[in-house]
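The values are calculated or read from the model by the stated rules, or taken from the named source; none is laboratory data. Nothing here was measured: the structure is a model prediction, and the numbers come from that model. Here the Cβ is made from the backbone with ideal geometry for all residues, glycine too, and neighbour counts use every protein chain on show. For the accessible areas, the whole protein counts, side chains as well, though only heavy atoms, and no ligand, DNA or RNA atoms are used. Shrake-Rupley method; radii C 1.70, N 1.55, O 1.52, S 1.80 Å.
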Amino acid sequence: MFVDVILPLALANAYTYHVPDEMEGMVAFGMRVIVPLGAKKIYTAIVLRTHDNQPEMVETKDLIMVLDPAPVITEKQLDLWKWMSSYYQCTLGEIMKAALPSGLKLESETEITYIEDFEAENQLKPKEQEALDFLSTQKKPTPLDELSKHLGIKNCLPIVKNLMEMGAVSIDESVKEKYKPKVEPCIMLAPELHDEEKLHSVFDGLAKAPKQLKLLMTYLSESHFLADGHTIEITKKDLIEKSGCNAAAVKQMLDKKIFISYDKEIGRTTLNDDFETSPINVLSAPQQKAYGEIVKIFSEKQTALLHGVTSSGKTEIYIHLIQEVIKTGKQALFLLPEIALTTQITQRLRRVFGSQLCVYHSKFSDAERVEIWQKMLKGEHCQVVLGVRSSVLLPFKDLGLIVVDEEHENSYKQYDPAPRYHARDASIVLASIMKAKVLLGSATPAIESYFNARTGKYGLVELTTRYEGVQLPHIVIADIKEAIKKKEMKLLKL
């Protein structure tokens, strides 16, 4: 069995690897695998396809490891990648590198090991001797960057290369997992103490340890252990706070095997499920008219342009459309051009959609972005995604609507590095792949969008009045150069 994989490099073609017998049945499209490349490098790759066609005239290397029990990308996502690769003249590897959060891309890390029986034939250079002295004191292989830091130089590869040629050190490539789930220690009563008689004997044994007894009483109360047999999880932190005891007392209970500690995985990005939502606002007459026109256009066309003046209430129309989409069980993507704008609108969307809202942008940590990626793959929450251009590359399961707000903004275009894509155009292609609808919104549409709307390719809806009839500012066009000549400009002293 063989697999063609995408490597996170600017390589024109997929690379083929042999699947060892023990890994057959474990590999499928979209899974991450660890593969060797060249003499020492190791990369995380994504399986493009499996087959039994052995390449001719080429010796194939074996997969090192299969990382996932399920795919980390979808077939439709790959369709978008292929279009981007063709349209923006880049490789699938470059798109993979841009799309996947760093936490899902394992990296190879060069490690150096000191060879104990090495004897130098000639005198070493000062830096070589310093490096060797440092490595000889290390109990485990030393990362290359750690050695560079110790030597105080940016690139210590020439030194390591010389030491390797002398037989003083050996190097290896290990794989480091970037993503680690966030966990919180929780406390539970030891299973053998669920017996009533044994629990009573524990109470008797703690008669002279008031703090430990208080801990046990607090645990039984807070976990509802004695109420109906169905206990509630309680964290170590909450137990300490509610009992008024300290961590030392908890440790003593753990040492006595009265309590058992375990780690519970918690989400970094989970919104508070108890967040109080509010009813959706009623649309004004002009908004309702525009909303109806958009719905009608969506019955005939995939894309509509909402040309609405500033403060006309476009966002409220977006919210109504998103709500209708998620009622059908589909997802919605709300794109904004700048990260700064997401903070302004997040609270507004949370008030309506609560824990169904996920926010995704580059200011989040790698671990947070990995969690959102995995939630979307599993279909957990994330019915509404609010984000910037990179959100287009997320693994949507059943996308129903994409809203591109301020669609004219240059921030939607990535200029460097590849893929140099435009999120607005990529959104339209993604919607076509997933049979979703796209609403472009702007007070000053891009020329190409307005042209497409005027020529009938897109639907066009215009909202010409501000919300609640607020008047637009009066604009006067003045020739300042001419005014200066006529001495009509006056300097105001503050």
Sort out for me the Cα centre separation of segment 393-425 from segment 184-213, rounded to whole Å. 56 Å
Suppose a student asked you for the relative contact order of the chain, using Cα pairs under 8 Å spaced at least 6 residues apart; what percent would you report? 14 percent
Peptides 313-325, 74-86 ordered by average Cβ neighbours within 10 Å, highest first: 313-325, 74-86
Excluding residues on the same chain fewer than 8 positions from Lys198, give the lysines whose Cα lies under 24 Å from its Cα. Lys208, Lys211, Lys214, Lys236, Lys251, Lys256, Lys257
Given H placed 1.01 Å from N in the peptide plane, which residues other than close sequence neighbours of Asp68 have an amide H under 5 Å from its amide H? Arg32
Taking the square root of 5λ for each eigenvalue of the C-alpha gyration tensor of segment 38-169, the equivalent ellipsoid has semi-axes, largest first and in whole angstrom, of 41, 18, 14
So how many Å³ per residue does the convex hull of the Cα atoms of segment 342-494 work out to? 232 Å³
Pairwise label distance in nanometres, Lys490 with Lys214, each label 7 Å out on the Cα-Cβ vector: 7.5 nm
No other cysteine beta carbon under 4.7 Å away is the test; run it over the chain and list who passes. Cys90, Cys156, Cys186, Cys245
Dipole moment magnitude, nearest 20 debye, the chain about Cα centre, only Lys, Arg, Asp, Glu C-beta charged: 2540 debye
Testing the spin-label approximation: label points 7 Å from Cα along Cα→Cβ at Arg49 and Lys378. State their distance in nm. 3.2 nm
Express the carbon and sulfur contribution to the solvent-accessible surface of segment 357-450 as a percent, rounded to the nearest whole number, probe 1.4 angstrom. 48 percent
How are the Cα pair distances of segment 192-256 distributed, in percent, across 10 Å bins from 0? 20, 55, 24, 0
Would you please report the Å³ per residue occupied by the convex hull of the alpha carbon atoms in segment 76-147? 160 Å³
In cubic angstrom per residue, the convex hull of segment 410-484 built on its Cα atoms measures 177 Å³
Lys and Arg at +1, Asp and Glu at -1: add these up for the other residues within a Cβ distance under 11 Å of Ala446 and post the number. -3
So what are the three principal axis dimensions of segment 280-368 from its Cα atoms, in whole Å, longest to shortest? 42, 30, 23
Less than 12 Å apart at the alpha-carbon level, and either on another chain or at least 8 residues along: which aspartates and glutamates does that give for Lys457? Glu300, Glu448
Percent antiparallel among DSSP beta bridges (both partners in the chain, rounded to 5): 55 percent
Heads up, I need the accessible area for Val429: 1.4 angstrom probe, whole protein in place, Å², nearest 10. 30 Å²
Rg/Rh (Cα only; Kirkwood hydrodynamic radius) as it applies to segment 288-425: 0.94
Tell me which of Leu336, Ser223, Val169 sits at the most positive position along the dipole axis of the chain, charges placed on C-beta atoms (Lys, Arg +1; Asp, Glu -1). Leu336
What's the center-to-center distance, using Cα atoms, between segment 19-72 and segment 292-329 in Å? 44 Å
So how strong a dipole does segment 67-153 carry about its Cα centre when Lys and Arg Cβ are +1 and Asp and Glu Cβ are -1, to the nearest 20 debye? 560 debye
Largest-first ellipsoid semi-axes for the chain, taking √(5λ) over the Cα gyration tensor eigenvalues, angstrom: 49, 39, 27
Treating the angle as unsigned and between 0 and 90°, give the value, to the nearest 10°, between the Cα long axis of helix 75-87 and the longest Cα principal axis of the chain. 70 degrees
Inverse of mean 1/r across different Cα pairs in segment 1-48, Kirkwood, Å: 11.1 Å
Report the extension gain between Ala247 and Glu119 in nm, rounded to one decimal, defined as 0.36 nm multiplied by the number of residues separating them, less their alpha carbon distance. 40.9 nm
So who's got an amide H within less than 5 Å of the one on Tyr43, skipping anything under 5 residues away but keeping other chains? H placed 1.01 Å off N, in plane. Val35, Leu37
Report, in listed order, any pair from Lys314/Lys363; Lys41/Lys105; Lys61/Lys139; Lys301/Lys413; Lys314/Lys378 with a Cα-Cα distance greater than 23 Å. Lys314/Lys363; Lys61/Lys139; Lys301/Lys413; Lys314/Lys378
